[in-house]
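Please read the structure below before turning to the comments.
The values are calculated or read from the model by the stated rules, or taken from the named source; none is laboratory data. All values derive from a computational prediction rather than experimental measurement. A quick note on method: Cβ atoms are made from the backbone with ideal geometry, for glycine too, and the neighbour counts reach across all protein chains shown.
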Amino acid sequence: MTSLAAELGRIVGDAHVIARATQLLVYRSDALPGLQRAPALAVFPGTRDELVAVVRALAAAGAPFVARGAGTGLSGGALAEGITLLGLHRLKRILALDPIGRTATVEPGVVNATLTRAAAPHGLHYAPDPSSQTACTIGGNIAENAGGPHCLKYGVTLDHAVRATVVLPGGEVVTLDRGDADRGDGSGGGYDLLGAFIGSEGCFGVVVDVTVRLTPDPERVITLLADFMRVRDAADATSRIIAAGVLPAALELMDQPTIEAVESSVYAAGYPRDAAAVLLIEVDGAAAGLEDDAREVERLCRAAGARGVRVAHDASERARLWQGRKKAFGAMGRVAPHLVVQDAVVPRSQLAELLDDIAAIGAQHGVRICNVFHAGDGNLHPNIPYDAHDAGESARVHAAMTEIMTRCIEAGGTITGEHGVGLDKLPYMEQLFTPDTLDAMCSLRAVFDPDRRANPGKVVPVRACREWHAAVAARPATHDGGGA
């Protein structure tokens, strides 16, 4: 690693290369602190040319690497075990903002909320809004296909990305688009390579820049908070709202343990502490008719058993309600030093039954489960605060989460909606997909990264990759991270 560090230092400057173990401690985990892996080296390019040169130097050395943005991921996807960590947070320029065409071109280190602030004077915003949007970066959003509360109506990152410049692990710089996009010369057609790249969790290459669509601000927004004395009733209200043909911009559920954590923190939002659950519901769009949608939402909530429904009277109250939801994960830091977070997606019609099952699993294993999630699209986020240094508690947490994920799969769900597979969900991939499907994923990866040097050990278990298995058997492996 000494010679590699020296070569990278020549590219980015010695001040932007870290090799000392004590300085690398901060990069041992992402926002899922129970998983920890130590990188051997970290490099932080500050320009496009430096980024490309770094990737090419890593390719020349045959060195595996992991690209990392703000480290807000929740699956261990940006952890580098004994290899090079490629940090992108210095690449934070907004290269172009076109209010007429409603697009922006940004470097991967641009923070999600920063882009919306830049677009605000033009009456525009960047719609994907993960709860970590004040810290997470666009490059990381691309890697994970991030969503957020408002993806119910506006869609996830994939729905807003137009084009990306990417440096492949071998050092080649390519432009990826949606296949049917106009490339500026009247041409179009071909495969949706950008669609394949988005959500690939850093296994296909590194974003150099990306062009995204900006969304006009709605004419009016109405935010409601409905509280319930039974979690099942809140889940039932969710199904009733969607079945009635009302499409909220956001529809979020928080249960009593989550409410208690939020209200006991600096993020207190005024949620009723005695409620079993609350729904945070937002409708937006043209002012005409929006009051009718809000009244229908209130009627449906009360019909499902809501004790009360309150409407935010101004932007300040609306922001406070949303602060409690978006900072809920942070608020759980008061409960315990570590947190396991999952994001299984299940049929909305089974939410009530699954929430009952999750509560029973938590009671069986003696762990505290806090539910805060995107109810509108069935994207469950069961959280368990715990102490990872307590071996007994850690074992119970792991057993509970395994049962929860298995139950979600049995219900016809999938294992991730936005957090990614990373390291955390590797054990479930063979439970969810057939061997042929996993092998097809490996074959697709080989198109972008035939040597498996980009984010090794993530997403697909390496034992599922037949072709990769044969290649590893034929020559010495450079890195065995346990995944493809």
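Couple of notes before you dig in:
- Some residue of the range 207-219 being among the hydroxyl-bearing types (S, T, Y) and within 27 Å of R310 (Cα to Cα): no
- Annotation: P121 fulfils all but one of (1) in a helix (DSSP H, G or I); (2) surrounded by fewer than 21 Cβ atoms within 10 Å (Cβ to Cβ); (3) touching a residue at least 60 places away in the same chain (Cβ under 8 Å); the unmet one is (3).
- Condition broken by A164, with the remaining ones in (1) more than 22 Å from the chain's Cα centre (by Cα); (2) aliphatic (A, V, I, L, M); (3) crowded, with 24+ Cβ neighbours inside 10 Å satisfied: (1)
- Test result for G412, surrounded by fewer than 16 Cβ atoms within 10 Å (Cβ to Cβ) and either aromatic (F, W, Y) or touching a residue at least 60 places away in the same chain (Cβ under 8 Å) (or both): yes
- Selection count, the range 239-262, where residues are surrounded by fewer than 24 Cβ atoms within 10 Å (Cβ to Cβ) and free of Cβ contacts under 8 Å to residues at least 40 places away in the same chain: 4
- Single residue of V110, V43, V17, V55 found to be surrounded by 20 or more Cβ atoms within 10 Å (Cβ to Cβ) and under 25 Å from R213 (Cβ atoms): V110
- Residue in the range 65-87 that is over 18 Å from K458 (Cβ atoms) and surrounded by fewer than 18 Cβ atoms within 10 Å (Cβ to Cβ) present: no
- Flag for L214 being closer than 19 Å to V345 by Cα and in contact with a His (Cβ under 8 Å, 6 or more places away or on another chain): no
- At least 1 residues being farther than 25 Å from G457 by Cα, acidic (D, E) and at pLDDT 95 or above is the threshold, and among the helices (runs of 4 or more DSSP H) wholly inside the range 342-438 those reaching it are 351-365, 391-410.
- Pick from the range 329-357, criterion among the small types (G, A, S) and under 30 Å from D292 (Cα atoms), ranking: surrounded by the most Cβ atoms within 10 Å (Cβ to Cβ): A352
- Listed by position, the strands (runs of 3 or more DSSP E) enclosed by the range 1-90 that each have at least 2 residues that are within 15 Å of G202 (Cβ to Cβ) and either assigned by TED's automatic domain parsing to the domain that holds G140 or touching a Phe, Trp or Tyr at 6+ places or on another chain (Cβ under 6 Å) (or both) are 84-87.
- Flag if G171 is surrounded by 24 or more Cβ atoms within 10 Å (Cβ to Cβ) and either in contact with a helix residue (DSSP H, G or I) (Cβ under 8 Å, 6 or more places away or on another chain) or assigned by TED's automatic domain parsing to the domain that holds L280 (or both): no
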